[in-house]
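Below you'll find the structure, written out as structure tokens, and then a few comments.
The values are calculated or read from the model by the stated rules, or taken from the named source; none is laboratory data. Worth saying up front: this structure is predicted, and the values here are computed from it rather than measured. A quick note on method: Cβ atoms are made from the backbone with ideal geometry, for glycine too, and the neighbour counts reach across all protein chains shown. The protein model used for the area step is the full one, side chains on, heavy atoms only, and it has no ligands, DNA or RNA in it. Shrake-Rupley method; radii C 1.70, N 1.55, O 1.52, S 1.80 Å.
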Amino acid sequence: MSAARQPSPTVRDKAATAAEPTPKARTPRARKPAAPQGLAPAPALDAGERARLLEGRHHDPHAVLGARPELGGVSFRALRPYAKSVTVIADGLRAELHDDGDGLFSGVLPLPEVPEYRLLVGYDGDEIEVHDPYRFLPALGELDLHLIGEGRHEELWTALGSRVMEHQGVTGTRFTVWAPNAQGVRVTGDFSYWDAGAYPMRSLGSTGVWELFLPGIGEGTLYKYDITRPDGGHTVRADPMARRAEVPPATASIVTDSHHTWQDAEWMAARGARPAHLAPMSIYEVHLASWRPGLSYRELAEQLPAYVRELGFTHVELMPVAEHPFGGSWGYQVTGYYAPTSRMGTPDDFRFLVDALHRAGIGVIVDWVPAHFPRDEWALAEFDGRPLYEHHDPRRAAHPDWGTLEFDYGRKEVRNFLVANAVYWCEEFHIDGLRVDAVASMLYLDYSRDEGQWVPNEHGGRENWDAVALLQEMNATVYRRCPGVVTIAEESTAWEGVTRPTDAGGLGFGLKWNMGWMHDTLRYMAKEPVHRKYHHHDMTFGMIYAYSENYVLPISHDEVVHGKRALVSKMPGDWWQQRASHRAYLGFMWAHPGKQLLFMGQEFAQGAEWSEERGPDWWLVDPGYSAAGDHRGVRDLVRDLNHTYTATPALWERDTVPEGFAWVEADATDDNVFAFLRYAQDGSPLLAVSNFCPVVRHGYRIGVPEQVAQWHEVLNTDSEAYGGSGVRHLQPMRPEPVPAQGRPVSLRLTLPPMATIWLRP
């Protein structure tokens with residue numbers, strides 16, 4: 001939270017009321033009372049140590065605060081800024097400590113050992129009884145510290161950040177943060193009215209981890225870390241490991257715990273039965289905040305699963321849901337990697353949405369952004385006063401395209417932060433897939449950089465081998481720990497082995513976005529039909545490399561923004577031809593090898609570009625709109641494409657092997673016609689024929705397998721129900737002994753204008 005926006009005491013969670021308030025308006029009194037009867041003065045703090053403690057530069061405040069045996073008794077020392085008095089209370093004991101000034105109180109009691117004690121802290125007209133945070137042992141175990149030090153803590157979120165727990169019989173919150181360059185770290189929040197002075201943290205050795213257990217602090221508490229930089233200055237930061245954050249533009253972290261009871265056991269048990277590349281996968285890409293603007297996660301859970309299920313998509317892909325300060329980044333500039341954005345509710349509310357999608361039979365993929373992070377001064381950039389999460393070399397740290405910073409993938413703790421984060425989303429939120437954003441920008445040191453702006457690797461090349469190692473470790477770890485999860489790379493180059501297993505030298509992804517196919521086919525579709533013959537092989541070129549990787553065919557949000565126009569608006573001609581081309585293209589795409597992805601709004605041929613401020617133009621399918629039937633027809637086609645696709649193993653069972661596909665007609669450039677066969681594992685075929693010309697082609701010969709005695713049309717994008725002209729094959733068709741396209745038998749078809757038809761035995 002910025003200094004300009006500090007909460008009033010009333011926003012504190014009830015669970016935090018046991019913590020001591022230290023109002024900023026109060027100042028320590030100047031006078032120092034005499035020590036109470038029976039209380040001897042405590043040894044004075046060394047001036048340097050006192051200064052380090054009060055200035056937030058002390059690495060071990062527990063060594064000077066709290067209670068410990070001394071010669072002649074037990075010494076007590078407390079740091080309570082703005083308090084009038086501090087009294088030690090135990091069984092049969094009540095002793096007011098001496099006021100040492102600057103909020104320090106101390107004394108020595110003639111006791112044989114340290115008792116179970118509490119502190120009674122007095123302010124003007126008020127006294128609060130609290131546990132002393134500095135009487136507790138570290139609440140983080142040696143194994144956790146060892147794994148953090150090794151960069152191998154696969155459940156890092158259980159060790160770092162804030163966690164409600166019981167420690168030494170007392171309920172409170174453990175705060176832990178990695179800040180190896182800091183001179184000191186203090187936790188501050190609404191429990192201290194954002195005054196950092198009272199709660200310095202201790203360093204836990206060479207790991208760079210700082211820790212403090214605060215008794216009485218509970219869920220809903222707002223907090224940040226006050227970090228003393230190497231230069232002695234202070235910076236106040238949100239928790240990099242926070243699992244919940246304030247609603248932007250506020251920036252504080254929030255103590256949270258999960259109470260969600262999952263109801264998707266059946267889904268989780270079954271999802272790994274078939275690898276993703278051998279299963280049907282039809283993905284609906286969604287920007288949650290704008291799908292239906294204003295809906296919360298729980299309200300989305302009432303509407304989104306039903307809509308996606310009706311349309312027959314097998315998965316939703318959610319644009320980044322991790323916390324981000326600027327909505328216009330669509331979530332791709334992340335500041336809270338472990339926190340679902342609070343814009344739509346709590347982390348448990350997001351779990352509720354995922355649960356609802358699973359119970360509707362829909363998988364959930366989320367966009368994951370390990371390529372870069374923003375420079376906001378309250379977040380990750382120079383977190384502890386020096387480059388920490390980003391590379392120390394500015395040429396490696398600065399991302400040239402987005403004004404952001406790139407992670408230092410070679411640093412083991414940073415790599416651990418990212419690998420554990422991928423696991424976190426899969427395990428804590430039951431996510432079924434991670435689509436990794438901007439992989440190409442990670443893989444190449446010279447990505448978007450001119451000569452002199454980048455540093456070659458140790459072999460003189462342009463490959464970022466640290467990023468390669470990070471991606472391999474992430475994929476290997478996720479696949480080992482999370483059965484049924486698929487990882488998907490948005491990788492726009494020809495990097496070899498993106499979907500090859502890591503043990504064979506690949507990056508280890510399950511699927512890869514086929515950006516080349518998308519660009520080629522959209523370029524073809526944007527041409528007037530009379531000119532398409534000159535670009536015919538834009539539609540066929542993708543099959544040359546179709547089996548080099550396991551592919552997803554993406555018509556994503558990136559293709560319908562920034563002047564690129566919506567999918568239907570890319571098509572030439574009048575409104576009828578645009579819709580017809582849109583439908584024909586979708587029919588071609590759904591039949592083509594590869595999984596398919598469609599961004600929201602394109603399922604009903606939205607004509608305007610997407611805007612995160614307003615979302616899809618749902619009014620286009622409102623019955624009160626005069627042309628609603630045109631848009632509902634396209635939506636009905638998408639529904640039927642999905643249901644037919646899922647029910648037809650030939651369209652997905654052999655997606656990644658050449659035996660699953662055969663061209664029938666790939667060279668009919670003058671006709672704008674394409675035809676191909678898809679084969680299931682048992683050999684059963686589906687025939688797809690596309691006519692991207694606005695004329696009906698009568699008696700068009702298409703060669704087919706001899707062993708099939710009869711074919712019938714199972715889908716036709718020219719159907720009147722979809723807004724087409726209704727040129728159909730209503731009766732089954734028998735092959736004739738007329739050779740065509742090198743096959744001895746053929747079907748004599750009537751190809752509808754600007755349409756794709758599917759036929760099967």
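Observations on the structure shown:
- Our coupling estimate for the stretch 160-173, obtained by passing each phi through the Karplus curve with A = 6.51, B = -1.76, C = 1.60 and θ = phi - 60°, is 10, x, 10, 9, 5, 7, 9, 9, 6, x, 10, 8, x, 10 Hz, Gly and Pro reported as x.
- Among the listed pairs Lys412/Lys512; Lys527/Lys564; Lys224/Lys412, those beyond 21 Å (Cα-Cα): Lys412/Lys512; Lys224/Lys412
- Percent carbon-and-sulfur accessible area, the chain, ignoring ligands, DNA and RNA, probe 1.4 Å: 49
- Heavy-atom accessible area order for Ile89, Ile544, largest first, 1.4 Å probe: Ile544, Ile89
- Dipole of the stretch 246-371, positive direction: furthest Cα of Ser290, His277, Trp330, with charges on the beta-carbon: His277
- Stokes-Einstein translational diffusion, the stretch 103-262 - Kirkwood Rh over all Cα pairs, 0.692 mPa s, 37 °C, in µm²/s: 193
- For the chain, calculated [θ]222 nm from helices alone, where every DSSP H run of n ≥ 4 adds -39500 (n - 2.57): -6000 deg cm²/dmol
- Taking all protein chains as they are arranged and a probe of 1.4 Å, the heavy atoms of Leu620 leave approximately 10 Å² accessible to solvent.
- For the stretch 28-146, alpha-carbon Rg relative to the globular expectation (2.2 N^0.38 Å, N residues): 1.08
- Debye intensity ratio I(q)/I(0), log10, the stretch 559-690, q values 0.14, 0.16, 0.19 Å⁻¹ (C-alpha model): -0.72, -0.89, -1.10
- Here is the P(r) of the stretch 79-167: all C-alpha pair distances, binned every 10 Å from 0, give 14, 34, 23, 21, 9, 0 in whole percents.
- The chain: angle of helix 515-525 to the longest principal axis, Cα-based, in degrees nearest 10: 40
- Convex hull volume per residue for the stretch 606-761, taking Cα atoms only, in Å³: 144
- Whole-number D in µm² s⁻¹ for the stretch 183-245, Kirkwood Cα-pair radius fed into Stokes-Einstein, 25 °C, 0.890 mPa s: 198
- In the context of the full set of protein chains, the stretch 101-231 has a per residue accessible area of 33 Å² (1.4 Å probe).
- Tilt relative to the chain, helix 412-428 - C-alpha long axis, 0 to 90 degrees, to 10: 70
- Expressed to the nearest 5 percent, the antiparallel share of DSSP beta bridges inside the chain is 75 percent.
- Between helix 628-646 and the chain: long-axis angle, C-alpha atoms, 0 to 90°, nearest 10: 90
- Dipole axis of the chain (+1 Lys, Arg; -1 Asp, Glu on Cβ), positive-most option in Gly703, Ala250, Asn475: Gly703
- Here is the tail figure for the stretch 714-761: Cα pairs spaced more than 14 Å apart come to 54 percent of all pairs.
- Kirkwood hydrodynamic radius (C-alpha pairs) into Stokes-Einstein, the chain, 4 °C and 1.567 mPa s, D in µm²/s: 45
- Here the Karplus relation 6.51 cos²θ - 1.76 cosθ + 1.60, evaluated at θ = phi - 60°, turns the backbone of the stretch 356-363 into coupling constants of 5, 5, 4, 5, 8, x, 10, x Hz, with x for every Gly and Pro.
- The stretch 642-748, relative contact order in percent, only Cα pairs under 8 angstrom and at least six apart counted: 21
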